[in-house]
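Structure, as structure tokens:
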Amino acid sequence: MIIKIAILFSTLLFAYFKLSSNNYLLQEQPVVGVFTQPSTFSEYSRDNYTYIAASYVKFLESGGARVIPIPYEANYSTLDEIFSNINGILIPGGSTGLIGPSLYTQKVAYLVNKALKINKEGGWFPVIGICLGHEVMHYILSNYSANFLIDVKGQDKVTKPINIQYRQAYFYGQMNEELYQASLKENLAYYHHIHAVSPSLYEIAPILKQYLRITSTQIDDDEQLFITSTDGINIPFYSFQYHPEKNPFEWTIPANHSLHAIQFSRIHSYQFIQSCRMNTNKFSLDLNSLIFNYNPVQPVNQNYNQVYIFHRLNTMEDQELQNP
Ligand SMILES: *[C@@H]1O[C@H](CO)[C@@H](O)[C@H](O)[C@H]1NC(C)=O
Ligand SMILES: *[C@@H]1O[C@H](CO)[C@@H](O)[C@H](O)[C@H]1NC(C)=O
Ligand SMILES: *[C@@H]1O[C@H](CO)[C@@H](O)[C@H](O)[C@H]1NC(C)=O
Ligand SMILES: *[C@@H]1O[C@H](CO)[C@@H](O)[C@H](O)[C@H]1NC(C)=O
């Protein structure tokens, strides 16, 4: 009995300090790491270049953060060094292969699992995955469940509403009633994917229910249900199948640029960066490692207005040999 009371008391005390530190020790100069992927641009060979679409950088900057690229081909000591200097991670959309797990998946998993460990131990390390990022988070957190993706029809470059299942979600809870109603009825969410995660994955891999709550869904042209967003359960993990970063920043694809669509996007950048402020890591790397050291270019590929292009740290062959 006394032991139980002692445990209860220390838990309450811990919760109190955690809450108060969140309130008073916000990191007001947050830095977010964004994973690179192999180039998909014909003018920059994937053997020698990686990229980040500039819309993800602008999205994070508009929430008040600075950005540092996380070269997926970097070795584990470099990944560790970046991780301890950032306040959150964004895993972007793209078309990099995941299954295997591929080297890309292994590198993302290395940092997602580090963040998960911190969060499980009472710390705070936010991760947001968008489109491919949402899919790879499900792959990793389901412990590499086979067939974690379903093929979907009619989701390639379309705008649709979202079916919010959980109004109190970290993001949707911040919407006023007008925007909430708009997101249910108007085509505010931009979808650009041929695969998706079905809610049935949570039955196949029940461990997912420990980590993530499904907060919205949609159906494809074959009436298949798929997940469009999740919120971490007591952990700051967030994932979106749709693209909040495209509404304000991409103009070569048919994203929605209406006022509601921009307000909808803003809630995502705003809330994610506020979550990152609750991680108290301090950035002490060379300032030249930040994205400001690079100039975005306009690719020939018409899916993005601007992308950041990086030289690989090593050749594809060399890094395929690395294992965690
Ligand atoms: C990549 O760079 C190497 C070294 O500069 C070069 O030999 C090779 O041709 C490049 N690959 C492609 C596909 O451009
Ligand atoms: C990791 O990569 C960095 C930079 O590319 C290099 O300086 C370092 O020696 C490498 N570390 C290991 C353990 O290979
Ligand atoms: C993940 O899968 C591997 C191999 O199937 C297994 O050894 C491991 O215990 C699993 N981990 C979790 C957390 O379920
Ligand atoms: C954008 O949203 C507005 C409402 O805010 C709607 O009237 C319009 O049809 C949408 N446009 C696209 C391209 O989805």
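Readers should treat all values here as calculations from the given coordinates under stated rules, not as data from a laboratory. For clarity, every value in this text was computed on a predicted model and none was experimentally measured. For neighbour counting, all protein chains shown are included, and Cβ atoms are generated from backbone atoms with ideal geometry for every residue, glycine included.
In nm, to one decimal, how far is the modelled label at Gln174 from the one at Gln298, with both set 7 Å along Cα→Cβ?
So the label points at Gln174 and Gln298 sit 3.2 nm apart.
Where q = 0.07, 0.08, 0.10 Å⁻¹, what log10 of I(q)/I(0) comes from the Debye formula for the chain, counting one point per Cα?
So the normalised log intensities work out to -0.27, -0.35, -0.56.
Considering Cα pairs under 8 angstrom that are at least six residues apart, work out the relative contact order of the chain and quote it in whole percent. Let's see the in-between values first.
On the way: 606 pairs, mean separation 83.8, N = 324.
Answer for the chain is 26 percent.
What is the sum of charges around Glu178, taking Lys and Arg as +1, Asp and Glu as -1, for the other residues whose C-beta is under 13 Å from the C-beta of Glu178?
Values: positive: Lys185; negative: Glu177, Glu186.
Here the count lands on -1.
With the crude spin-label approximation of a point 7 Å out along Cα→Cβ, what separation in nm comes out for Glu223 versus Gln274?
Rounded to a tenth, the inter-label distance reads 3.9 nm.
Want the number for Leu26 to Gln306: 0.36 nm per residue separation, take away the alpha-carbon distance, what's left? The partial results should precede the final answer.
On the way: separation 280, 0.36 × 280 = 100.80 nm, distance 3.18 nm.
Using 0.36 nm per residue and subtracting the Cα-Cα distance, I get 97.6 nm.
At what distance in nm do the modelled label points of Ile233 and Ser200 sit from each other, each positioned 7 Å from its Cα along Cα→Cβ?
In this crude spin-label approximation the distance works out to 2.2 nm.
Tyr72's amide H: which non-local residues (gap 5+, or another chain) put their own amide H closer than 5 Å, with H modeled 1.01 Å from N in plane and none for Pro or chain starts?
Thr36
Mean residue ellipticity at 222 nm from the helices of the chain, using -39,500 (n - 2.57) per DSSP H segment of n ≥ 4 over the full residue count, to the nearest 500 deg cm²/dmol? Don't skip to the end; give the middle numbers.
Details: 11 runs with 112 residues, N = 324.
Mean residue ellipticity, 222 nm, calculated: -10000 deg cm²/dmol.
Quick query: amide H of Arg66 versus all other amide H atoms, modeled in the peptide plane; which residues come in under 5 Å with a sequence gap of 5 or more or a different chain?
Those qualifying (amide H under 5 Å, at least 5 residues apart or on another chain) are Val31, Val32.
Excluding Gln27 itself, what net charge comes from residues whose Cβ is under 14 Å from its Cβ, given Lys and Arg +1 and Asp and Glu -1?
Computed value for this residue: +2.
Which value, to two decimals, describes the C-alpha radius of gyration of region 73-221 once divided by 2.2 N^0.38 Å? Can you show the working numbers first?
Numbers: Rg = 16.3 Å, N = 149, 2.2 N^0.38 = 14.7 Å.
Ratio of Cα Rg to 2.2 N^0.38 Å: 1.11.
Among the helices of the chain (complete DSSP H runs), which have Cα atoms covering no less than 15 Å along the helix axis and a Kyte-Doolittle mean of at least 0.5?
Numbers: long enough: 2-24 (32 Å, 1.07); 103-120 (25 Å, -0.08); 259-276 (26 Å, 0.12).
Answer set is 2-24.
Which of the pairs Lys114/Lys157; Lys185/Lys282; Lys246/Lys282; Lys117/Lys157 have their Cα atoms more than 31 Å apart in this structure? Walk me through the intermediate numbers first.
On the way: Lys114/Lys157 34 Å; Lys185/Lys282 42 Å; Lys246/Lys282 29 Å; Lys117/Lys157 36 Å.
Violating the 31 Å Cα-Cα cut-off are Lys114/Lys157; Lys185/Lys282; Lys117/Lys157.
I need the Kirkwood Rh of region 188-324: take the reciprocal of the average 1/r across all distinct C-alpha pairs and report it in angstrom.
About 18.4 Å, per the Kirkwood formula over Cα pairs.
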